[in-house]
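S.K.: My questions will all concern the structure given below.
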Amino acid sequence: MVMVDLHCHLLPGVDDGSKDMATSLRLAKEATANGITHALLTPHHMNGRYVNHKQDVIRRTREFQEELRAHGIPLTVFPGQEVRINGQLLEALDHDDILFADADGRYLMLEFPDDDVPHYTGRMVFDLQQRGIVPVIVHPERNTKIMAKPELLYELLQRGCLSQITASSYVGTFGKKVERFSRQLIAAGQGYLFASDAHDLPGRKYELRQAFEKLQREFGARLAEQYSYNARAIINGEDVQPNRMKPLKKKKFWLF
Ligand SMILES: [Fe+2]
């Protein structure tokens, strides 16, 4: 069975993910033990700390694939980037320095700062869409601004963006609040897929299988299949069916 992970930091020594090849190979083994067959490698790009140019990522991904093969690890890897929204993004696209989730340049794994949805986001999303690009917003469930104002995400999704919920968020690794918010987004049709966002950090394990089991338990097999299918469709550059969505209810904080 094919299982696609669209977000992970497995490339050795390029960002805050894996520090060396031995670690990368260990993480790759953990990925396959979790049922993952195909992984998009998404080092941070243009996030103020890391720049990982397209051609470097392509070359490093090829080298990593060779290592995987040499070690008999059945994981197919593709070059990608977790692109931080920034004022130079369109310029970087013009300079062909951006990697997409698919080979045809349709789906872009787009990250916001942890605590903000920049004021120019709407305009940037519009400009990307004008170029035929579909932004996939990564881990909105961990963004403190979106947690406080979920309508910011709802509006972007209504305008055609997709969203990637991190598996660990939904299973509770980042705490109850993030877990609850993940569930609320899923219940409201505001999630499209799971990814691992695997780093080599303490307490950050592959939890994709657990997330799928939980999704199946809480929301049924059909939604779990849809999430898995969406990740496959994105990496293949195929259409993703828009969810039937509703806004999150305003918090009734006087209830307990
Ligand atoms: Fe990431």
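S.K.: Looking at the stretch 193-207 only, could you name the residues that are within 14 Å of the ligand (Cβ to nearest atom) and more than 14 Å from the chain's Cα centre (by Cα)?
M.R.: Passing the criteria: 200, 201, 204.
S.K.: Out of the residues in the stretch 158-169 that are assigned to a helix (DSSP H, G or I) and in contact with a helix residue (DSSP H, G or I) (Cβ under 9 Å, 6 or more places away or on another chain), state the one that is surrounded by the fewest Cβ atoms within 10 Å (Cβ to Cβ).
M.R.: Among residues in the stretch 158-169 that are assigned to a helix (DSSP H, G or I) and in contact with a helix residue (DSSP H, G or I) (Cβ under 9 Å, 6 or more places away or on another chain), the one surrounded by the fewest Cβ atoms within 10 Å (Cβ to Cβ) is 169.
S.K.: Answer yes or no as to whether residue 136 is in contact (Cβ under 8 Å) with a residue 24 or more places away in the chain, closer than 25 Å to residue 3 by Cβ, assigned to a helix (DSSP H, G or I) and within 16 Å of the ligand (Cβ to nearest atom). Give the steps one after another, and end with the answer.
M.R.: On the way: in contact (Cβ under 8 Å) with a residue 24 or more places away in the chain: yes; closer than 25 Å to residue 3 by Cβ: yes; assigned to a helix (DSSP H, G or I): no; within 16 Å of the ligand (Cβ to nearest atom): yes.
No, not satisfied.
S.K.: Could I ask something else about it? Is it fair to say residue 155 is within 16 Å of the ligand (Cβ to nearest atom), surrounded by 15 or more Cβ atoms within 10 Å (Cβ to Cβ) and either of a type in the set (D, E, K, R) or at pLDDT 95 or above (or both)?
M.R.: No.
S.K.: From the list 199, 119, exactly one residue is modelled with pLDDT under 95 and either among the small types (Gly, Ala, Ser) or surrounded by fewer than 23 Cβ atoms within 10 Å (Cβ to Cβ) (or both). Which is it?
M.R.: The unique qualifying residue is 199.
S.K.: Go through the stretch 30-66 and give me each residue that's in a helix (DSSP H, G or I) and either surrounded by fewer than 16 Cβ atoms within 10 Å (Cβ to Cβ) or in contact with a Phe, Trp or Tyr (Cβ under 8 Å, 6 or more places away or on another chain) (or both).
M.R.: Listed by number, the residues that qualify are 30, 31, 33, 55, 56, 58, 59, 61, 62, 63, 66.
S.K.: Name the residue that is nearest to residue 198 (Cα to Cα), counting only residues in the stretch 9-35 that are among the aliphatic types (A, V, I, L, M) and touching a helix residue (DSSP H, G or I) at 6+ places or on another chain (Cβ under 7 Å).
M.R.: 10
S.K.: Need the failing condition index for residue 115 against (1) charged (D, E, K, R); (2) more than 16 Å from the ligand (Cβ to nearest atom); (3) not in a helix (DSSP H, G or I), just the number.
M.R.: Unmet for residue 115, out of (1) charged (D, E, K, R); (2) more than 16 Å from the ligand (Cβ to nearest atom); (3) not in a helix (DSSP H, G or I): (2).
S.K.: Take the residues of the stretch 13-42 that are in contact with a strand residue (DSSP E or B) (Cβ under 8 Å, 6 or more places away or on another chain) and among the β-branched types (Val, Ile, Thr): which is farthest from the ligand (Cβ to nearest atom)?
M.R.: 37
S.K.: Under 7 Å by Cβ, and 6 or more places apart or on different chains, what pairs join a residue from the stretch 212-231 that is without any contact (Cβ under 8 Å) to a residue 60 or more places away in the chain and farther than 13 Å from residue 2 by Cβ with one that is aromatic (Phe, Trp, Tyr) and assigned to a helix (DSSP H, G or I)?
M.R.: That search, which allows pairs on different chains as well, returns 214/170; 215/227; 224/212.
S.K.: From 131, 123, 159, grab the single residue that is out of contact with any Cys (no Cβ under 7 Å at 6 or more places or on another chain) and without any contact (Cβ under 8 Å) to a residue 24 or more places away in the chain.
M.R.: 123
S.K.: While we're here: Inside the stretch 139-152, can you point out the residues that are surrounded by fewer than 23 Cβ atoms within 10 Å (Cβ to Cβ) and part of a helix (DSSP H, G or I)?
M.R.: 142, 144, 145, 147, 148, 151, 152
S.K.: Exactly one of (1) away from the ligand (no atom under 14 Å from the Cβ); (2) buried (at least 24 other Cβ atoms within 10 Å of the Cβ) is unmet by residue 10. Its number?
M.R.: (1)
S.K.: How many residues does the stretch 139-156 hold that are touching a helix residue (DSSP H, G or I) at 6+ places or on another chain (Cβ under 7 Å) and without any contact (Cβ under 8 Å) to a residue 40 or more places away in the chain?
M.R.: 7
The values are calculated or read from the model by the stated rules, or taken from the named source; none is laboratory data. Small disclaimer: the values here were computed from a predicted structure and weren't measured. Backbone-built Cβ (ideal geometry, glycine too); neighbour counts: all protein chains shown.
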